[in-house]
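The values are calculated or read from the model by the stated rules, or taken from the named source; none is laboratory data. Remember, predicted model here, so these are calculated numbers, not experimental data. Here the Cβ positions follow ideal geometry from the backbone for every residue, glycine too, while neighbour counts run over all protein chains shown.
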Amino acid sequence: MGASLLDQLRTILGADGVVTDPDVTAGYRRDMMPLAPHGEPLAVVLPRTTEQVQEIVRACARHGTPIVPRGAGSGLSGAANAVDGCVVMVLTRMNAILEIDPDNRLAVVEPGVVNLDLRDAVAKHCLFYPPDPSSYDWCTIGGNLATNAGGLCCVKYGVTTDSVLGLEVVLADGELLRTGRRTVKGVAGYDLTRLFVGSEGTLGVITRATLALRPLPQAPGTLVAAFGSTAAAGAAVSRVIREGIVPSLMEIMDAVSIAAVETHLKTELGAGRGCAALLICQSDAGGEAARRELAAIGQACRDCGAELAYTTYDLAEGQMFLTARRAVLPALEVYGAWMTDDVCVPRTRIAELIEGCARVSEEVGLRVAVVGHAGDGNMHPTIVYDPTSPDDLVLARRAFDQILEIGLGLGGTVTGEHGIGKVRREWLVREIGPIGLRTHRALKAALDPAGLFNPGSMFALQ
Ligand SMILES: Cc1cc2nc3c(=O)[nH]c(=O)nc-3n(C[C@H](O)[C@H](O)[C@H](O)COP(=O)(O)OP(=O)(O)OC[C@H]3O[C@@H](n4cnc5c(N)ncnc54)[C@H](O)[C@@H]3O)c2cc1C
């Protein structure tokens, strides 16, 4: 085998591309999901080019060393968590926007580009890259691709996979696979692009992506509706969907979320007046079309018992409501640490899910806030606990699992956008069944026969 793996990595990357100082590598051991297990990496490597990624993969393959690809580490499933002795491959130095082609409405980017940087860059060409996870100001496109990230825009514009045309992926033997196309349509062969999107770094390392862009939407109008019960808010969501209205955003916050944000931002959102749920909706249809859409949503909310339905076309005011929505997770830190679930249920069952979460909260004795993307049924029940208390951690895990159980029972899925990672492996088996699992494992074995890409994520080690 010759030189040690660390020596080989230093030859490939230079000394500043290989980090072994435990004080520094500690920051790359895990992502933002406190429940998931993590190990101690042998090294953290920071490639700048696809060729370096290929050489790292080949060197690790020769030594049988696992590789955990990593973007910004904002994930909420433990998918980027290190395993003992692995190489954590951080892609943030590969952060070039290589091309913006307004005539074909596409962009070609490296994986380390931060989501917001891409959105800002394409906006200068009056173009729009829709996927907008709430972490958009620090998560990377590579992480978004590997988790098939969603966000607030999904109700109208879909998830990450709906904006991807093609990928470059370094495979387990170091070869470079090109998937997809630059054209609007194309059906040549299996849809390998969609296979890699959402594969959580278990099948290969994404080094480049061709992304579909849209025309920049009109400035949005915003509607906020307050409800005295979650059932009424859930009914309003169903009514809007049934009436064929497609808002560009439709978010829900329950009473616990509202109270936390009010405390955190020192603002008033309605919790003091007995508000059980807020719906925040936007239309980016522009002009009269937006007014018609928001009027119809307002009417649907009032018909379902909204106590207030307020519409604004003032951008700053609309932005203030979105800031409140995006602030829920940090706001919950006023009570303790948080861990968030990611169940997605049929949109007709949202109220039942929120009520189920209230029961779980009462049973385990921990605060559970529910916030989520009501327009697509993707809810983030978030459990607040005392991180210094081992008992609380056990209770939090119990609540986390009970909520997944409720979500599945309502005909939902255990993850709408955060992924399986290391925290929902057993639940993946529950959801997809033995034949689904066998098919997953067959794909993994075909593409990564030695099992070196992100072992222990997606499924347990065999
Ligand atoms: C406050 C907060 C709000 C959030 N809101 C949302 C939201 O609204 N919607 C949503 O979907 N998510 C949300 N997330 C979760 C998280 O931001 C997303 O999962 C995001 O896509 C992760 O990107 P990242 O760059 O941080 O990836 P990481 O966390 O570093 O990695 C995520 C996964 O991608 C893999 N990976 C990373 N780069 C590559 C690559 N180049 N090739 C192959 N695999 C790779 C990793 O191995 C891992 O499996 C939120 C997180 C936080 C902390």
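Answer yes if at least one residue in region 9-17 is in a loop (DSSP other than H, G, I, E, B), in the same structural domain as Gly75 (by TED's automatic domain parsing) and surrounded by fewer than 19 Cβ atoms within 10 Å (Cβ to Cβ), and no otherwise.
So far as region 9-17 goes, yes, one or more of its residues are in a loop (DSSP other than H, G, I, E, B), in the same structural domain as Gly75 (by TED's automatic domain parsing) and surrounded by fewer than 19 Cβ atoms within 10 Å (Cβ to Cβ).
Condition (residue is closer than 30 Å to Tyr385 by Cα and either surrounded by 19 or more Cβ atoms within 10 Å (Cβ to Cβ) or touching a Cys at 6+ places or on another chain (Cβ under 6 Å) (or both)) applied to region 40-54: is it met by at least one residue?
Yes, region 40-54 has at least one match.
Go through region 103-131 and report how many residues are in a loop (DSSP other than H, G, I, E, B) and either surrounded by fewer than 21 Cβ atoms within 10 Å (Cβ to Cβ) or in contact with a Phe, Trp or Tyr (Cβ under 8 Å, 6 or more places away or on another chain) (or both).
8
For residues in region 351-385 being in contact with a Phe, Trp or Tyr (Cβ under 7 Å, 6 or more places away or on another chain) and crowded, with 21+ Cβ neighbours inside 10 Å, which is farthest from Arg425 (Cα to Cα)?
Only one residue tops the list, namely Val384.
Filter region 218-258 down to the residues that are in contact with a Cys (Cβ under 9 Å, 6 or more places away or on another chain) and closer than 30 Å to Thr193 by Cβ, then identify the one that is surrounded by the fewest Cβ atoms within 10 Å (Cβ to Cβ).
Ser248
Residues that are of a type in the set (Gly, Ala, Ser), in contact (Cβ under 8 Å) with a residue 60 or more places away in the chain and crowded, with 18+ Cβ neighbours inside 10 Å: does region 337-350 have at least one?
No, that holds for no residue.
Here is a check on your reading of the model: is Gly336 on the phi > 0 side of the Ramachandran plot and either in contact with a helix residue (DSSP H, G or I) (Cβ under 6 Å, 6 or more places away or on another chain) or of a type in the set (Val, Ile, Thr) (or both)?
no
Asp23: surrounded by fewer than 17 Cβ atoms within 10 Å (Cβ to Cβ), modelled with pLDDT of 95 or more and assigned to a loop (DSSP other than H, G, I, E, B), yes or no?
No, not satisfied.
Does at least one position in region 177-198 carry a residue that is among the β-branched types (Val, Ile, Thr), outside the structural domain of Ala306 (by TED's automatic domain parsing) and within 20 Å of the chain's Cα centre (by Cα)?
Scanning region 177-198 turns up at least one residue that is among the β-branched types (Val, Ile, Thr), outside the structural domain of Ala306 (by TED's automatic domain parsing) and within 20 Å of the chain's Cα centre (by Cα).
Would you check which residues across region 158-202 are of a type in the set (S, T, N, Q) and part of a strand (DSSP E or B) and list them?
The one that is of a type in the set (S, T, N, Q) and part of a strand (DSSP E or B): Thr179.
How about region 196-207: which of its residues are touching a helix residue (DSSP H, G or I) at 6+ places or on another chain (Cβ under 7 Å) and closer than 21 Å to Pro130 by Cα?
Val197, Gly198, Ser199, Glu200, Ile206, Thr207
If I filter region 203-216 down to residues being part of a strand (DSSP E or B) and more than 16 Å from the ligand (Cβ to nearest atom), which single residue comes out as farthest from Thr92 (Cα to Cα)?
Residue satisfying both the conditions and the ranking: Pro215.
Give me the residue from region 118-162 that is within 12 Å of the ligand (Cβ to nearest atom) and acidic (Asp, Glu) and, out of that set, farthest from the chain's Cα centre (by Cα).
Selected residue: Asp137.
Out of region 375-417, which residues are within 13 Å of the ligand (Cβ to nearest atom) and either part of a helix (DSSP H, G or I) or touching a Gly at 6+ places or on another chain (Cβ under 7 Å) (or both)?
Across region 375-417, the qualifying residues are Gly375, Asp376, Asn378, Met379, His380, Gly416, Glu417.
With the condition kept exactly as written, say whether any residue in region 93-116 is in contact (Cβ under 8 Å) with a residue 60 or more places away in the chain, closer than 19 Å to His373 by Cα and not assigned by TED's automatic domain parsing to the domain that holds Arg29.
no
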